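Chemist: Starting off with a structure, shown below.
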Amino acid sequence: MSVEQPQYQVVREGPGWQLRQYAPGLVVETQVSGGRSVSGREAFGRLAGYIFGGNQRRQSFAMTAPVTQASEGDDRWTVRFFLPSGVDLRNAPPPADPRVRVHPLSQRLVAVRRFAGEGAEQRFAHEAGLLWAALQQAGLKPVGAPTWARYDPPWVPTPLQTHEVHWSVE
């Protein structure tokens, strides 16, 4: 089964990382509070509700990947689903849940480090540290906090799961 992903071009590569130029797109997002995993599950439910018809038009969308989760500090998180290509602000239905919003993303430059297997918070922090160090060595300046990108549904065996650290670059 193929799942749509945001379009990008690789503009530079280094050992264990890529610098990607992402095309503009549209996301549905929500903000939650609490620990990373508990808040991620809560946010996933809200966003899944939107794409599976929990919007003002009861319109459903195909699932895309990745699901991203970014820290906003103080145990607050922004979780996003990317909407399929062809959906834009003109034709995206308004959310039924006031905690969910549809948000455009402009073209952006993102450093990415991919890893497989265990996606626990400690592993993410370790991989984010490796990406930060690689970017410093490459003379690139990471901006803001890293984002955790998850590509697989929970029934995929842990050793086969794909994750990425995404870090915006100046």
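Chemist: Just wondering, is there one or more residues in segment 27-48 that are out of contact with any Asp or Glu (no Cβ under 6 Å at 6 or more places or on another chain), within 17 Å of THR162 (Cα to Cα) and outside the structural domain of ARG80 (by TED's automatic domain parsing)?
Modeler: Looking for residues that are out of contact with any Asp or Glu (no Cβ under 6 Å at 6 or more places or on another chain), within 17 Å of THR162 (Cα to Cα) and outside the structural domain of ARG80 (by TED's automatic domain parsing), one finds none in segment 27-48, hence no.
Chemist: Take segment 42-100 and flag every residue that is touching a residue at least 40 places away in the same chain (Cβ under 8 Å) and among the aromatic types (Phe, Trp, Tyr).
Modeler: TYR50, TRP77, PHE81, PHE82
Chemist: Ok, one more. Could you look through segment 155-170, keep only residues that are farther than 21 Å from GLY73 by Cα and surrounded by 13 or more Cβ atoms within 10 Å (Cβ to Cβ), and pick out the one that is nearest to the chain's Cα centre (by Cα)?
Modeler: Looking at the filtered set, the residue picked out is HIS163.
Chemist: Can you report the number of residues in segment 131-154 which are under 19 Å from the mean Cα position of the chain (by Cα) and farther than 17 Å from VAL79 by Cα?
Modeler: 4
The values are calculated or read from the model by the stated rules, or taken from the named source; none is laboratory data. Model, not experiment: these values are computed from the prediction. Methodologically, a virtual Cβ is constructed for each residue, glycine included, from the backbone with ideal geometry; neighbour enumeration extends over all protein chains shown.
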